[in-house]
Structures are given as C-alpha cells and as structure tokens.
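Note sheet for the following structure.
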Amino acid sequence: MRGLFLDASGELGTVYHAVARPDDPSVTLNLQSHVEPDTLPALLAGYDFVLNDHSFMPAEVMRRCTGLKHVIFLGTGARSYMDPEALAGLGITVHTIRGYGDTAVAEHAIALMWAAARRLGRMDRGIREGHWLRTEGMQLTGKTIGLVGYGGIGAEVARIAAGSGMRVLAWNRSPKTAPGMTFVSLEQVLAESHVISLHLLLTDATRGMIGPRQFAAMRTGAILVNTARGALVDEAAMVEALRSGRLAHAALDVFDQEPLPPGHALTTLDNVTLSAHSAFRTPEAAQSLIRKALDIAADLAKAST
C-alpha cells in the first residue's frame, strides 16, 4: 500500500521522520500547510491511504478520488473536516486517533482555567499598554469543576484538578464509572460547577449542545473552558452570557471558525482568554500521534495482503 501525508508541513514532517520505521508502509510527504479541496483528486491519485492533519475533504470532491480506500485523520475531530458517513458511501473508510495527547490537552485546559480564574490575559494586555491593572481573581482550591464528557482527556483533567484541591463532578453521554469520580446529571454539573470544562466529540447530537438554556442553568459567575470543539457551543449565546455577566469568563482553544477572524466578537471582550487550537501541541503528543497513524497504516497494509 502507498500513502500520502497530505499536509505534512513544518514540524509534522520533522516528527514523521523521527518516528517512522523501515518496515512502515511507504508514505510520501506533501509539504503543504494548506491544501485546496479541488486539488485533492490530482494529489491523491495512485495512493491507497492518506494521512490528514487539517485539510477539508468535501464528499463531492472525494468522489473523484478513485482508488483511495482510507483516510487516517490525525486526531478525533474528523467531522470538522469531512463527512465520514458520506465518504464511507464512496468506499473510503475514515480512521481517527484517540489517546495521543490526553495529558497535553488536559494540561492546556487546566492552564486556561487558571488564566481565566486569575484574569491573567487582561492584566498582561493592560501592562503591555502601560496600565498597572490589578484584578481580583477566583481561588480555585475548594471550588467545583464540572467535566462535560469523561474520556481520556477528562480523566486527566480530573486527576490534575483533584490534586489541586478541587471538587470534581462529571457527566458523560453514556453511563460510566471511575474510581473516586462522582458522575451526576448534566443539569447538576451546570448548576454546581464554578468551572465547566468541555471534553466531548463533535457529532450531530453534540453540536450546539451548550446553548441559551444551558447558559441560563449555570451558576452566575462560572468559567467555561473549551479545548474540545468550538461547535459544541452556541457561540452567539456564549457571547451574550459573557456580556451579561452570567458567564464570568470563557477560556477557549477552539472556535466555530478557525482561524478566528480579526474583529470577531470574542476578541473584543475582556472576559475571554484565547489560544489558537494548540492544546494538543507538545512534542510528546505529536510523536505519539504520528506513530499511532503509522501503526494504523501498517495494520491496513497487513490486512490487504
């Protein structure tokens, strides 16, 4: 089997060379950071599988990529870039990768939580502008963090938060148990949590699930942390909750539209802390991600012989 790494620009290409093994399937690196969808049929011609980091794959274009059998998406959020069911109908199987960056994302979520609680972004901006802006923050020890979704990342957030003296509640879409964890209804998570951290996959069922009703159910002055997917949240409802003070702060690594356009409402609010979809970006996570992708490719190659 022959594969193409569709968008192996910059660090990812370097990581690939660091973790690839001589017995891995043959993979060609396309050293582009941005791939236009209409170029896909030509780029993918002659390849059996493709590694995709962040390139869009519309079904109407992929229909013309005859011969391609597998898309190995580098992460869990394939639905943000393609329709897996539509591709399956074309004979293309989409594979996703979990667990490669649980600790990296969890640490970033915790960092965003603390930055929001102590209003570090606002003070940083003020000092850079020549103002000595001292703010009062939230002490998190003894406070409650509520996890919406409890997979590998949620479990890591729970471990770090509990070790910091926080009470941890969690809600999961399917029933789950874990040692030392308290699972409650989503309504209880929203009502009791000082910090709400999202850790769900984006699906048709979860898209926009944090909307006006959920913001109204949160305790006044809560902090929302999102390192999962921007589309889990009704963005307009979040902006309204931030402006009204119902939501004290939003700490966000993901957005409906990425990159976030200049002048976007979220960039104009002092009670928002932003990062550029980088929660997973550590050398350790990147190496694990690419190695797992190559392991999938190796399994596919074995199954085809």
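Annotation: of all residues in the stretch 39-74 being modelled with pLDDT of 95 or more and of a type in the set (Ser, Thr, Tyr), the one that is nearest to the chain's Cα centre (by Cα) is Ser55. Look at (1) under 30 Å from Ala8 (Cβ atoms); (2) not in a helix (DSSP H, G or I) and you find that Trp132 fails only one, number (1). Here Tyr100 meets the list (1) outside any loop (DSSP other than H, G, I, E, B); (2) within 22 Å of the chain's Cα centre (by Cα) almost entirely, failing just condition (1). Note on the stretch 105-158: residues that are in contact with a His (Cβ under 8 Å, 6 or more places away or on another chain), farther than 15 Å from Thr273 by Cα and not aliphatic (A, V, I, L, M) total 6.
Kindly evaluate Arg159 against the criterion of being over 21 Å from Phe183 (Cβ atoms) and basic (Lys, Arg).
So Arg159 does not fit the description; no.
Quickly run through the stretch 49-68 and pick out the residues that are under 13 Å from Gly3 (Cα atoms) and touching a Leu at 6+ places or on another chain (Cβ under 7 Å).
Phe49, Val50, Leu51, Asn52, Leu68
Cβ separations smaller than 6 Å between residues 6+ apart or across chains give the following pairs from the stretch 55-73 residues that are more than 21 Å from Ser9 (Cβ to Cβ) to residues that are outside any loop (DSSP other than H, G, I, E, B) and of a type in the set (S, T, N, Q): His70/Thr93.
When the helices (runs of 4 or more DSSP H) confined to the stretch 1-73 are screened for residues that are assigned by TED's automatic domain parsing to the domain that holds Ala88 and small (Gly, Ala, Ser), those reaching at least 2 such residues are found at 11-19. A single member of Phe183, Phe215 is touching a Pro at 6+ places or on another chain (Cβ under 9 Å) and on the phi < 0 side of the Ramachandran plot, and it is Phe183. Taking the stretch 99-141 as the range and being surrounded by fewer than 17 Cβ atoms within 10 Å (Cβ to Cβ), aliphatic (A, V, I, L, M) and either closer than 24 Å to Ala162 by Cβ or touching a residue at least 40 places away in the same chain (Cβ under 8 Å) (or both) as the test, only Leu120 passes.
Confirm whether Ala162 is in the same structural domain as Gly245 (by TED's automatic domain parsing), surrounded by fewer than 17 Cβ atoms within 10 Å (Cβ to Cβ) and not basic (Lys, Arg). Criteria met by Ala162.
The values are calculated or read from the model by the stated rules, or taken from the named source; none is laboratory data. The model shown is predicted, which means the values in this text are computed figures rather than measured ones. Note: ideal-geometry Cβ built from the backbone for every residue, glycine included; neighbour counts use all protein chains shown.
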